[in-house]
Amino acid sequence: MVKAVVAGASGGIGQPLSLLLKLSPYIDELALYDVVNSPGVAADLSHISTKAKVTGYLPADDGLKAALTGADVVVIPAGIPRKPGMTRDDLFNINAGIVRDLITGIALYAPSAFILIISNPVNSTVPIAAEVLKKHGVFDPKKLFGVTTLDVVRSETFTAAVVGKPDPSVFKIPVVGGHSGDTIVPLLSLSEPKVEISGSDRDALVHRIQFGGDEVVQAKEGKGSATLSMAHAGFRFVDSILKAVAGETGVVENTFVYLSGIPGGDAVKSIIPGLDFFSVPVELGPSGAVKVINVLSQVSEYEKGLLEVAYTGLAANIKKGVDFIVGAP
Ligand code: NAD
Ligand code: LMR
């Protein structure tokens, strides 16, 4: 029996993500938590004739505890999105506290659940989550994931457009680093199938993948950021976890993780200067992340340059998240 929880279920991402999860053959129970409207969203989804039993919870009457108790997977898209002109880091002041409080609930009521963090800034909210879980003595690096799948989805779509392939889903392209602007590093040199894109075409493609989120924020003109493509990407990640839990082998997703504590993580840590968290391709198994796949040893000189830029931004974002919980020195 698999219980999945969406925290932030009434929002722009939460609703379509919950719809996709309701359609999953792996999920028996789907609990929707939000500060508004979650019973309504749950009532609506509950009429769909698939097996998952859907329930909705608000904060009143210990709703967070009721939603989380018995959870196997918790996905968190709770928090405010960007408007034009904002960076993801501008969301920190509000979203850091939201994530801290939800993770505290998970530490208390669902300490062995897989935790998938969508709320921005992911580069900081995942370190916040790790520190809260550490404080409660329940941190398992193999089960905490920053969801960077949308960067991978974009890299597949935009690369296919550049090389004129009709079906983007044939591509496998590692996207490493973090989830904001130039901390997002697509490794086009490792694309499968191989692509030959160079010079200004390559630069433009990399830039589009790094700043794809801005495209949506601008097109929505103040009404939020990516929701539907993010729901797809979040569902893809949950689906991969549940496939691995069900015994499928060779399931790999790129995700922002705490490298130490995952086999293979220290090999990547020895390449990147002093960063505990990094998005990398990770093989998933029944217990979560079973192996970090070290793609960094194979990157091109151009990509080494991109990585150098990413390290600086990431270090600051990670420190900000950690300091929020452990206190700035
Ligand atoms: P939204 O405003 O439409 O929805 C957010 C939901 O969170 C709302 O329903 C709100 O009521 C709820 N919420 C607020 N505080 C809460 C709390 N304490 N507990 C539970 N729920 C709470 O926003 P959205 O467009 O769905 O985006 C959500 C977040 O996801 C944003 O931070 C956004 O930047 C981020 N995001 C991340 C990615 C990614 O690739 N990781 C992609 C897109 C968006
Ligand atoms: C995205 O990449 O679309 C999200 O992180 C939302 C945003 O703020 O751009």
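I need the full set of residues from segment 180-196 which are of a type in the set (Val, Ile, Thr) and either surrounded by fewer than 17 Cβ atoms within 10 Å (Cβ to Cβ) or in contact with an Asp or Glu (Cβ under 7 Å, 6 or more places away or on another chain) (or both), in order please. Hits for segment 180-196 are Ile184, Val185. Consider only pairs whose beta carbons are under 6 Å apart and that are at least six residues apart or on different chains; among these, list those whose first residue lies in segment 14-27 and is over 14 Å from Val74 (Cα atoms) and whose second residue is aromatic (Phe, Trp, Tyr) and in a helix (DSSP H, G or I). What qualifies is Leu20/Phe235. Applying the criterion of being more than 16 Å from ligand 1 (Cβ to nearest atom) and in contact (Cβ under 8 Å) with a residue 24 or more places away in the chain to the residues of segment 140-170, the residue that is nearest to Glu283 (Cα to Cα) is Lys142. Residues in segment 310-317: is at least one part of a loop (DSSP other than H, G, I, E, B) and surrounded by 20 or more Cβ atoms within 10 Å (Cβ to Cβ)? No, because not a single residue in segment 310-317 is part of a loop (DSSP other than H, G, I, E, B) and surrounded by 20 or more Cβ atoms within 10 Å (Cβ to Cβ). Tallying residues that are under 14 Å from Phe158 (Cα atoms) and among the hydrophobic types (A, V, I, L, M, F, W, C) within segment 168-184 yields 4.
Filter segment 140-152 for residues that are closer than 17 Å to Gly181 by Cβ and either among the acidic types (Asp, Glu) or surrounded by fewer than 19 Cβ atoms within 10 Å (Cβ to Cβ) (or both) and give the result. Listed by number, the list holds a single entry, Asp151. Meeting the requirement of 2 or more residues that are within 14 Å of ligand 1 (Cβ to nearest atom) and aliphatic (A, V, I, L, M), the helices (runs of 4 or more DSSP H) wholly within segment 200-274 are 212-219, 228-245.
Pairs are defined by a Cβ separation below 7 Å, a sequence spacing of at least 6 or placement on different chains, a first member in segment 113-128 that is within 13 Å of Ala316 (Cα to Cα), and a second member that is in a strand (DSSP E or B) and aromatic (Phe, Trp, Tyr); the pairs so defined are Val122/Phe256; Pro127/Phe277.
Of the residues examined, Gly305 is not one that is without any contact (Cβ under 8 Å) to a residue 40 or more places away in the chain, assigned to a loop (DSSP other than H, G, I, E, B) and either surrounded by fewer than 17 Cβ atoms within 10 Å (Cβ to Cβ) or not assigned by the TED database to the domain that holds Ile128 (or both). Filtering segment 137-184 to residues that are within 23 Å of Gly288 (Cβ to Cβ), within 11 Å of ligand 2 (Cβ to nearest atom) and part of a loop (DSSP other than H, G, I, E, B) leaves Val147, Thr148, Gly178, His179. Scanning segment 250-282 for residues that are of a type outside the set (Asp, Glu) and without any contact (Cβ under 8 Å) to a residue 24 or more places away in the chain turns up Lys269, Ser270. Considered as a group, the residues in segment 262-277 that are within 19 Å of the chain's Cα centre (by Cα) and of a type outside the set (Val, Ile, Thr) include one that is farthest from Ala130 (Cα to Cα), and that residue is Gly265.
The values are calculated or read from the model by the stated rules, or taken from the named source; none is laboratory data. These figures come from a predicted structure and were not determined experimentally. Backbone-built Cβ (ideal geometry, glycine too); neighbour counts: all protein chains shown.
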